[in-house]
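Everything below concerns the one structure shown next.
The values are calculated or read from the model by the stated rules, or taken from the named source; none is laboratory data. Source: prediction; values computed, not measured. Glycine gets a Cβ as well: all are built from the backbone with ideal geometry, and neighbour counts include every protein chain shown.
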Amino acid sequence: MPPVKKVLIANRGEIAVRIIRACKEMKIATVAVYSTADADSLHVQMADEAVCIGPPASKDSYLHMPNIISAAIITGADAVHPGYGYFSESPSFTEACESCNIRFIGPPATAIEKMGDKAKAREIVTSARVPVIPGAKGIIANDQDALRTAQKIGYPVLIKASAGGGGRGIRRVDRPDDLLTALKTAMAEAEASFGIADVYVEKLIENARHVEVQILGDKHGHYVHLGERECSIQNSRRQKMIEEAPCPILDADTRKKMGAAAVRAARAVGYCSAGTVEFLVDADKKFYFMEMNTRIQVEHPVTEAVTGLDLVKLQLAIAAGEKLPCTQRDISFRGHSIECRITAEDPERAFQPSVGKINRLAWPGGPGVRIDSHMYQGYTVPPYYDPLLGKLIVWGKDRQEAIARMLRCLAEMRIEGLKTNTALHSRILLDPNYQKGEFNTTFVTRKLADAGREAA
Amino acid sequence: MLQGSEAEELTVAAGELQVRIRRGHSTDWHEAEPLPDSGGVETAVQQPEAAADNLSRISAGMVGIFHPAAELKPGTHMQPGQVIGVIESMKQINEVISPDAGAVREVLVEDRSPVEFGQVLVTIEKGSEGHAAS
């Protein structure tokens, strides 16, 4: 298999910049694609070539398959990196690339498809002896089926869209009386959001932590796991805010078991490239498979910080047919890493997005600090895309040092011209329960509610 | 437009419409290969917005390879709805239509050139008589 010579990055924002940086270090040429709203974006300036692929709306540009594939062809790109979001988990995009002799930097279309159908994924990983949340085997057939299943697993339950993801299409049901109404709304929402009304029922694991395992697989059947990331600090819309590695409550034995389970899940679908297996961990440290994300993730830098590996470079090497450079035995974890997602959102106003021009920007610096961002002073944040402005990542010899370093960085950072969630990050990191590592996915919502009560 | 100049980048603004052309560091554009039919192509042209001056700028509505119509030469008179050329994208041929009547002022891209979204292909002097295509 020939090496990759020119990569088209089918994405925007910080992840496009991240991928271009990896390519530059590997002496691989880069092609940026951009919408008319992103003409001044950093990824356009950094790439060797840039092709405008449409107007601002994502469906007409970053989700316009013919324009992206045409851009790859006219620039002679031999590979496409999808980043996260957009076409990163689209089997049809992957197939379109392959049929045009353009390598897709990611897993095969079949693996994306199997993991993309959440109900099917549950069945597949169950047969690979990966523990799943108690619930129905497949999609809900009818009202009777739903009532019977919910009764069997016990309330409260969650109704989830089979094609769902990113926290959308989920309904909580506490009592049997509410089940059928919730089922109807969930199916309508699933149909509207994903085009498929199929739903399944799962037990609600209360006070759970969101812990995910990073895996890598090559095209020769070799797999490793790179440990876990703790991602329980999420806002009221189930969007992750702070991630860290390692998870503060996980012991070496559980880590080993979760890692092995994640590798079994990946192997079961013939996975290759970087991927993430998401688990819920309950108060008794029992873990349950939630879903697999078949792409690079926003929070990948914390894993890079504690393992010393470059996940994007490894994705490029795997796409070129290279074997994994390490076995499980070679992988060790050093220190502690935390990432804060800096977003243009106003936590005081229910995380409403804020757009505008960055009048002043000063990033923090010093030892153990990494910034992944597409921002620069004078850049105008367009209103069409997600509010992520950048990621602030720190490394410390232990969790305590990492927290102190992140607090120091947040205080150093100056972003003027729009509202950001920076102050909320500091408040979370200063919270005694956060510092003790005692939190779950409801932490931010509860903290904001407490603050609201105090203010009232 | 950038050919024969040292410029790396050129921005043309007219009213609300802004078009930027950027020179690639590599200029070895590859020829289009036949692509599987995706069926996803929607519009062939982006209707240019009214320019402050008398010039109508017709731009590419999609990424692909531009093939001008044979009669597309400076001075040729175009009718509204007349095909000025086609953009080949994903094995589909998409016609680019002139929205205005007028004489062709300039053809900005060569035959079989790769074009990006929003790239100006042709300018037309609105109302100008020109000569009829023979």
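Here residue A:333 passes the criteria (1) assigned to a strand (DSSP E or B); (2) among the hydrophobic types (A, V, I, L, M, F, W, C); (3) in contact with a helix residue (DSSP H, G or I) (Cβ under 9 Å, 6 or more places away or on another chain) except the one numbered (1).
Here's the yes/no breakdown for (1) among the charged types (D, E, K, R); (2) at pLDDT 90 or above; (3) buried (at least 17 other Cβ atoms within 10 Å of the Cβ):
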position	(1), (2), (3)
B:54	no, no, no
B:66	no, yes, yes
B:84	no, yes, yes
B:91	yes, no, no
B:95	yes, yes, no
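Taken over segment B:104-119, the residue count meeting the criterion of being under 17 Å from residue B:83 (Cβ atoms) and not in a loop (DSSP other than H, G, I, E, B) is 3.
Taking the options A:7, A:31, A:17, A:51, name whichever one is more than 10 Å from every other protein chain (Cβ to nearest Cβ), at negative phi and not in a helix (DSSP H, G or I). Only one candidate qualifies: A:7.
Criterion applied to A:389, A:407, A:430 was being among the hydrophobic types (A, V, I, L, M, F, W, C) and buried (at least 20 other Cβ atoms within 10 Å of the Cβ), and the one residue passing it is A:389.
Do the conditions hold for residue A:405, that is, is it of a type in the set (D, E, K, R), touching a Gly at 6+ places or on another chain (Cβ under 6 Å) and not in a loop (DSSP other than H, G, I, E, B)? Answer is yes for this residue.
Residue count for segment A:99-142, restricted to those that are without any contact (Cβ under 8 Å) to a residue 60 or more places away in the chain and on the phi > 0 side of the Ramachandran plot: 1.
Taken together, the residues in segment A:34-48 that are within 10 Å of chain B (Cβ to nearest Cβ) and within 20 Å of residue A:355 (Cβ to Cβ) amount to 6. In segment A:47-66, the residues that are more than 18 Å from residue A:104 (Cβ to Cβ) form Cβ pairs under 6 Å with partners that are hydroxyl-bearing (Ser, Thr, Tyr) and in a loop (DSSP other than H, G, I, E, B), at six or more places apart or across chains, as follows: A:54/A:61; A:56/A:384.
When A:148, A:122, A:172 are checked against the criterion of being outside any loop (DSSP other than H, G, I, E, B), crowded, with 20+ Cβ neighbours inside 10 Å and outside the structural domain of residue A:315 (by TED's automatic domain parsing), a single residue qualifies: A:122. Evaluating residue A:210 against the criteria (1) modelled with pLDDT of 90 or more; (2) within 20 Å of the chain's Cα centre (by Cα); (3) assigned to a helix (DSSP H, G or I) leaves one unmet condition, (3). Among the residues of segment A:94-110, some residue qualifies, meaning at least one is in contact with a strand residue (DSSP E or B) (Cβ under 9 Å, 6 or more places away or on another chain) and of a type in the set (Lys, Arg). In segment A:183-199, the residues that are farther than 16 Å from residue A:150 by Cα never reach a residue that is of a type in the set (Phe, Trp, Tyr) with C-beta atoms less than 9 angstrom apart, at least six apart or across chains.
Within segment A:105-119, the set of residues being among the hydrophobic types (A, V, I, L, M, F, W, C) and surrounded by fewer than 24 Cβ atoms within 10 Å (Cβ to Cβ) comprises A:109, A:111, A:119.
Could you tell me whether any residue of segment A:392-407 is in the same structural domain as residue A:334 (by TED's automatic domain parsing), among the aromatic types (Phe, Trp, Tyr), at pLDDT below 95 and within 21 Å of residue A:299 (Cβ to Cβ)? No, there is no match, as no residue in segment A:392-407 is in the same structural domain as residue A:334 (by TED's automatic domain parsing), among the aromatic types (Phe, Trp, Tyr), at pLDDT below 95 and within 21 Å of residue A:299 (Cβ to Cβ). Restricted to segment B:99-112, and to residues there that are surrounded by 15 or more Cβ atoms within 10 Å (Cβ to Cβ) and more than 10 Å from the chain's Cα centre (by Cα), the residue that is nearest to residue A:36 (Cα to Cα) is B:99.
Here is a yes/no grid of residues against (1) within 17 Å of residue A:223 (Cβ to Cβ); (2) without any contact (Cβ under 8 Å) to a residue 40 or more places away in the chain; (3) surrounded by 18 or more Cβ atoms within 10 Å (Cβ to Cβ):
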residue	(1), (2), (3)
A:255	yes, yes, yes
A:263	yes, no, yes
A:273	yes, no, yes
A:284	no, yes, no
A:287	no, no, yes
A:311	yes, no, yes
A:318	yes, no, yes
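When residue A:57 is tested against the conditions (1) among the aliphatic types (A, V, I, L, M); (2) at pLDDT 95 or above; (3) over 23 Å from residue A:300 (Cβ atoms), the lone failure is (2).
Out of A:70, A:99, one residue alone is within 14 Å of chain B (Cβ to nearest Cβ) and modelled with pLDDT under 95. It is A:99.
From the set of residues in segment B:88-103 that are at the interface with chain A (Cβ under 9 Å from one of its Cβ atoms) and part of a strand (DSSP E or B), which is farthest from residue A:52 (Cα to Cα)? The qualifying residue farthest from residue A:52 (Cα to Cα) is B:92. Is it true that some residue in segment A:153-168 is outside the structural domain of residue A:278 (by TED's automatic domain parsing), free of Cβ contacts under 8 Å to residues at least 12 places away in the same chain, farther than 27 Å from residue A:80 by Cα and not in a strand (DSSP E or B)? No, because not a single residue in segment A:153-168 is outside the structural domain of residue A:278 (by TED's automatic domain parsing), free of Cβ contacts under 8 Å to residues at least 12 places away in the same chain, farther than 27 Å from residue A:80 by Cα and not in a strand (DSSP E or B).
In the set (1) part of a strand (DSSP E or B); (2) closer than 21 Å to residue A:393 by Cα, residue A:279 fails one condition alone, (2). Within segment A:76-92, being over 25 Å from the mean Cα position of the chain (by Cα) and either more than 7 Å from chain B (Cβ to nearest Cβ) or of a type in the set (Phe, Trp, Tyr) (or both) holds for A:77, A:78.
Would you pick out the residues in segment B:56-78 that are without any contact (Cβ under 8 Å) to a residue 60 or more places away in the chain and more than 14 Å from chain A (Cβ to nearest Cβ)? B:68, B:69, B:70, B:72, B:73, B:74, B:75, B:76, B:77, B:78, listed by residue number.
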